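Report on one structure; see the data block that follows.
The values are calculated or read from the model by the stated rules, or taken from the named source; none is laboratory data. What you see is a predicted model; the values in this text were computed from it and never measured. Counting neighbours? That spans all protein chains shown, and the Cβs are built from the backbone with ideal geometry, glycine included. The protein model used for the area step is the full one, side chains on, heavy atoms only, and it has no ligands, DNA or RNA in it. Shrake-Rupley method; radii C 1.70, N 1.55, O 1.52, S 1.80 Å.
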Amino acid sequence: MPLADPTDPFSAVTHAAPYDYYRRLADGPPLRFEAQLDGWLATGMAGVQAVLAHPACRVRPPGQGVPHKLAGTPCGAIFAELVRMNDGERHAGPKQVLARALGQVDLARLHARTLHLAQEQLPGSATRLNDALFELPLFVMADLLGFAPAQWPLLAVWTRDFVACLSPLSNGAQLAGAQAAAEALLQRFTVLLWEGEVLPGSLLDDIVAGARQAGWHASGGVLANLVGLLSQTCDATAGLLGNAIVALRTQADFLPRLRAAPQLWPAMLREVSRQDPSIHNTRRYTVEDVEFNGVCVPAGQMIVVVLASAGHTEAGFGHGRHACPGQAIAHVIATACLQAWAEGLERMPLAWGYLPSLNARIPVFCAGGIA
Ligand code: HEM
């Protein structure tokens, strides 16, 4: 029986084959009201870019900087400081500091280091692979920041627990786990920052120096955004890696071509980011009436920005004020992991579905036939 099409952009995220649906969205108007969602859809490259670039389209609903369920909690305190979750002057400086420090990471060294770590942790089963998709990128970020290897596994567990507070699908137990994880992460970063353990030349060192220069003194804000670097890495990079593994399984010509010309790995990853991206949508909220090519969106409306309908590598990493500063790092991490794992994975029988999510497409593998 043919697979029924997704009915909305949220169910499309974990649908087995959502891209015809996204193409149809892109062929329609760049901006439309969807009564079913009580909100607007921005689609295709034109709609996505117009909304993400518009100064009156903000990342949070007006007057609700922190979601109600997180107000007054450790997760809420972090959320309130994240550059990703805020607009405006107060966050412009911190945003620049983070982007500059991430931009200074030595990508060749990062690649060599990730390759080494990934080779040490070859996933020998579907279960190990599911864990490794999350762990390797987080271990690499923890390493970049200057944490000792003994600390990486717990940091990865806490980060995965913490990101549950960002998903509307999380239940009470997951939210409670996220709060405990938020406290643990803040504590670890506090120790790293204030007890003289900042490794000279590490990413953390660059961020601290940049913050000092920029006059960004609020230590709570620095700590929160360091946690933010781990949480931004978590789902998005696991999705990129996982979707690339799916591409290697489903597109038989990829691996032979890569074997013959290993320099094509980065191009293959860019192609995956375009064809089967890990982040499918993001949301914006209008703070005043906004007009796009004759369509008026009143103040106080939600717009679901359907990144996956843009059909473009760059769109999957956002655009405008909140564009992802970690794109190059994520691609290098995923490239190196795949180079380390591809041959072993080729022989592993795998089937897959997707982790429940309204915006991130992350495969979850199980032992099964070669799809
Ligand atoms: C495949 C992996 C990744 C994807 C697809 C991705 C995607 C995105 C997207 C779509 C946004 C914009 C969200 C919005 O405006 O609503 C974003 C923001 C961000 N990403 Fe990434 N990301 C990835 C990996 C990373 C990594 C590895 C890091 C850290 C090194 C990172 C750090 C950030 C930060 C700090 C922001 C907030 C930027 C701001 O608001 O100024 N991301 N990312």
TODO: Kindly indicate the residue of region 315-339 that is in contact with a Lys or Arg (Cβ under 9 Å, 6 or more places away or on another chain) and open to solvent by less than 40 Å² (accessible area, probe 1.4 Å) and also nearest to the ligand (Cβ to nearest atom) among those meeting that condition.
DONE: HIS322
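This table checks each residue for (1) within 16 Å of the ligand (Cβ to nearest atom); (2) within 21 Å of GLU288 (Cα to Cα); (3) open to solvent by less than 40 Å² (accessible area, probe 1.4 Å).
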| position | (1), (2), (3) |
| --- | --- |
| PRO9 | yes, no, yes |
| ALA17 | no, no, no |
| ASP20 | no, no, no |
| ARG32 | no, yes, no |
| TRP40 | yes, yes, yes |
| ALA53 | yes, yes, no |
| CYS57 | yes, yes, yes |
Open item on the list: Taking the condition of being exposed (fewer than 15 other Cβ atoms within 10 Å of the Cβ) and within 21 Å of LEU241 (Cα to Cα), how many residues in region 291-314 meet it?
Closed with: 0
Open item on the list: Given the condition near the ligand (Cβ under 9 Å from one of its atoms), of a type in the set (A, V, I, L, M, F, W, C) and either open to solvent by 20 Å² or more (accessible area, probe 1.4 Å) or modelled with pLDDT of 95 or more (or both), answer yes or no: does some residue in region 344-366 qualify?
Closed with: yes
Open item on the list: Filter region 271-294 down to the residues that are part of a strand (DSSP E or B) and within 13 Å of the ligand (Cβ to nearest atom) and list them by number.
Closed with: ILE279, THR282, ARG283, ARG284, TYR285
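Per-residue answers, yes or no, for (1) more than 14 Å from the ligand (Cβ to nearest atom); (2) under 30 Å from PRO266 (Cβ atoms); (3) hydroxyl-bearing (Ser, Thr, Tyr):
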residue: VAL66; (1), (2), (3): yes, no, no
residue: THR73; (1), (2), (3): yes, no, yes
residue: ALA77; (1), (2), (3): yes, no, no
residue: GLU81; (1), (2), (3): no, no, no
residue: ARG84; (1), (2), (3): no, yes, no
residue: PRO94; (1), (2), (3): no, yes, no
residue: ARG109; (1), (2), (3): yes, yes, no
Task: Unmet requirement for ASP5, which otherwise passes all of (1) in contact with an Asp or Glu (Cβ under 8 Å, 6 or more places away or on another chain); (2) outside any helix (DSSP H, G or I); (3) buried (at least 18 other Cβ atoms within 10 Å of the Cβ) - done: (3)
TODO: Tally the residues that are in contact (Cβ under 8 Å) with a residue 40 or more places away in the chain and either farther than 21 Å from PRO325 by Cα or open to solvent by 60 Å² or more (accessible area, probe 1.4 Å) (or both), restricting the search to region 163-212.
DONE: 17
